[in-house]
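Read the structure below first, then the notes.
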Amino acid sequence: MLRDVSKFLKRFHSERDPQAMEAKWKAMNAHPFAFFRGTSALYYATLPQADTVASTPAAWVCGDLHLENFGAFHDGRGSVQFDINDFDEACLAPCGLDVLRLLTSLYLADALHTGRGLESKAASQELAHTMLVAYADQLAKGKSSSNPLTSHRSVIRETIERVRSTSPEVVVASRVEKTKRGIRLKVDGDKVADASSREKDMIGELLIRSAWLHTASLHDVAKRYAGLASLGLRRYEVLVETRGAKGSLKLLDIKESIPSRCEAISSHSQPRWSSDAQRIACIQHLALVAAPSFLEPLRRKQRSYVLRELQPSKDRIELGTMDSDARRWQQAVRTMGELTACAHLRGQGRSGSASVKRFIEFGRDASWRKPMLDLAAEVAMQTRQQWKEYAEAYKDGYFSA
């Protein structure tokens, strides 16, 4: 158990962009849920060892599953999917790791529903049970859905429609402007900042290696500050124009990849990936019905990056607006449980993952469910304590530049 949370976090982030880290430190100070989202390295470094997790079937896990890691996105087939949308920590590991982290995030999200105190605790426990049963029941079916199985639920349908109404063309139009130098990205100095000439040259070299976009013309590159866990890593917003009869402007997200902290604690042997970006992109393709447009790994020297089409900003369930609407919360957590099971089932029998028979047996077995819920509550309590230590250090200026 690490005793000095702040020292660990400062050391772990020591090589990241200082400007982006100021935003990350501030965001993590807001509440335990935000702290949890931004500290997966600390989470895995201090996770209690428990057979409750270790004994679960091997699966291709997301590794950083939480309530806000689900969203809608345009896929490469012209459709809009609602699914898990970030696989930076993905690896081969006990499926219980995904389940535990997702449940823990629910216990920490009391600020997003039903108020606080005993009422909030009871609501969280009920929702956690619903989520866990949905996951287990979907596993027990032994089949993953080949389409958005939950789109008939209003909370999911609204998110899908919001993204569908914001086409890639609309996203491009909202983020570019015409200047004397041609079409350029809008820079606000906050979420989007100027990239250096060296960075623009580097992106140009990366795109030459792209299977999808090696013939595209590069118009502009900007530094992008988005997300929470990945803040401080190299990330870029890129404007290109594809060639051919149907050439058009495309807006891309290119994000640096680093080793998975989830993989570091997994007892399962991992494939020999050529890069962390390859690990992320391959597992994402495996786990989803359809991946985001242009998803692929790129590499330059010792660094690797994941490329994908930039998605609309309002691509997730707006949890903060649901308040005490029990029906919508039930829909949301049931969906998340089912989609997690589907992702695990799609990888069944692949390179060390458990067989579909093993997943079905595990889904039908109820003996692990209460211990998993109890462990999630314990980890959530530990995270709250870590956040308190962090918040004190932040208040004292420990994380100031």
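A few points about this structure:
- Nearby aspartates and glutamates by direct alpha-carbon distance to Lys186 (threshold 18 angstrom, same-chain neighbours under 8 apart not counted): Glu169, Glu177, Asp194, Glu199, Asp220, Glu237, Glu241, Asp253, Glu309
- For the range 325-377, the convex hull spanned by the alpha carbon atoms encloses 101 Å³ per residue.
- Over the C-alpha trace of the chain, radius of gyration and Dmax come out as 20.8, 67 angstrom.
- Normalised Debye scattering of the range 306-401 at q = 0.15, 0.16, 0.20 Å⁻¹ gives log10 I(q)/I(0) of -1.08, -1.13, -1.15, counting only Cα atoms as equal scatterers and leaving out solvent.
- Degrees between helix 369-395 axis and first principal axis of the chain (Cα, 0 to 90, nearest 10): 50
- Here's the list of lysines a cross-link from Lys143 could span, going by alpha-carbon distance under 22 Å and ignoring same-chain residues fewer than 8 apart: Lys357.
- Using the Cβ-Cβ distance between Gln270 and Ala27 with R0 set to 41 Å, the FRET efficiency from 1/(1 + (r/R0)^6) comes to roughly 0.85.
- Listed residues Ser266, Ser165, Ser304, most fluctuating in the chain (Gaussian network, C-alpha, under 10 Å): Ser165
- Principal-axis analysis of the Cα atoms of the chain puts helix 18-28 at an angle of about 30° to the longest axis.
- Segment Ser196-Glu161, length gained on full extension (0.36 nm per residue, minus Cα span): 8.9 nm
- Under a 5 Å amide H cut-off, with hydrogens placed 1.01 Å from N, Ser275 pairs with nothing among residues at least 5 apart or on other chains.
- Spatially proximal lysines relative to Lys191 (Cα-Cα < 23 Å; intrachain offsets below 8 disregarded): Lys10, Lys24, Lys26, Lys178, Lys200, Lys223, Lys250, Lys255, Lys314
- Per-selection metrics, the range 1-141 (Cα): Rg and Dmax in Å: 16.7, 49
- As a rough guide to protection, the peptides 367-380, 190-203 ranked by mean Cβ packing within 10 Å, highest first, stand as 367-380, 190-203.
- Estimated from the Cβ-Cβ distance and a Förster radius of 51 angstrom, the FRET efficiency linking Lys370 and Ser400 is about 0.70.
- Eigen-decomposition of the gyration tensor built on the alpha-carbon atoms of the range 12-54 gives equivalent ellipsoid semi-axes of 26, 13, 6 angstrom, largest listed first.
- Dipole magnitude for the range 143-280: computed about the Cα centre from +1 point charges on Lys and Arg Cβ and -1 point charges on Asp and Glu Cβ, it is near 220 debye.
- Helix 96-108 axis versus longest C-alpha principal axis of the chain: approximately 90°, rounded to the nearest ten.
Read the figures in this text as sums done on the coordinates, not as results from a lab. Owing to the predicted nature of the structure, the values given are computational and were not obtained by experimental measurement. In this analysis, Cβ positions are derived from the backbone assuming ideal geometry, glycine residues included, and neighbour counts consider all displayed protein chains.
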